[in-house]
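The values are calculated or read from the model by the stated rules, or taken from the named source; none is laboratory data. A quick note: this is a predicted structure, and the numbers were derived from the prediction, not measured. Cβ placement follows ideal geometry from the backbone for every residue including glycine, while neighbour counts extend to all protein chains displayed.
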Amino acid sequence: MPINIFANLEGLAPSQEKPKSVAWLCDDDWELPAQLFEFERWLETDGKNLPKGSYVADIGFSLRPDASGGGGTLSVSAMQTLVMVGIEVWFSEYPK
């Protein structure tokens, strides 16, 4: 499930329980640095055009076996887009 972006259903009626999918990124890439790079690219092209609302970007990742510090980052511009559109970021860690 690497990056699943969907409309947040908090506060909606029970009849609207299924999240509306907005985007699916990175298919089988579970490394966080590569995922954040693609997520930023998506924010710059498509994400910034979403109507203001309540969304979730659930980033599913696994620890890199060769990791020794460092990793991915989000730019200030990406964080501004998250706030402007209303996207909450969840980090879901999975075992390798």
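A few points about this structure:
- Restricting attention to segment 46-61, the residues that are of a type outside the set (F, W, Y) and either surrounded by 15 or more Cβ atoms within 10 Å (Cβ to Cβ) or in a helix (DSSP H, G or I) (or both) add up to 9.
- Only one of the numbered conditions (1) modelled with pLDDT under 80; (2) surrounded by 13 or more Cβ atoms within 10 Å (Cβ to Cβ) is violated by L32, and that is (1).
- Tallying residues that are within 12 Å of the chain's Cα centre (by Cα), closer than 13 Å to R41 by Cα and in contact (Cβ under 8 Å) with a residue 12 or more places away in the chain within segment 57-80 yields 2.
- Counted residues, segment 71-96 - those being under 13 Å from L36 (Cα atoms) and at pLDDT below 85: 1
- For segment 21-45, a residue qualifies if it is touching a helix residue (DSSP H, G or I) at 6+ places or on another chain (Cβ under 7 Å) and either assigned to a helix (DSSP H, G or I) or closer than 17 Å to V85 by Cβ (or both), and the qualifying residues are A23, L25, E40, L43.
- Every residue from segment 75-87 that is among the hydrophobic types (A, V, I, L, M, F, W, C) and either surrounded by 15 or more Cβ atoms within 10 Å (Cβ to Cβ) or under 18 Å from S54 (Cβ atoms) (or both): A78, M79, L82, V83, M84, V85, I87
- Condition check for P65: in a loop (DSSP other than H, G, I, E, B) and touching a Phe, Trp or Tyr at 6+ places or on another chain (Cβ under 7 Å): no
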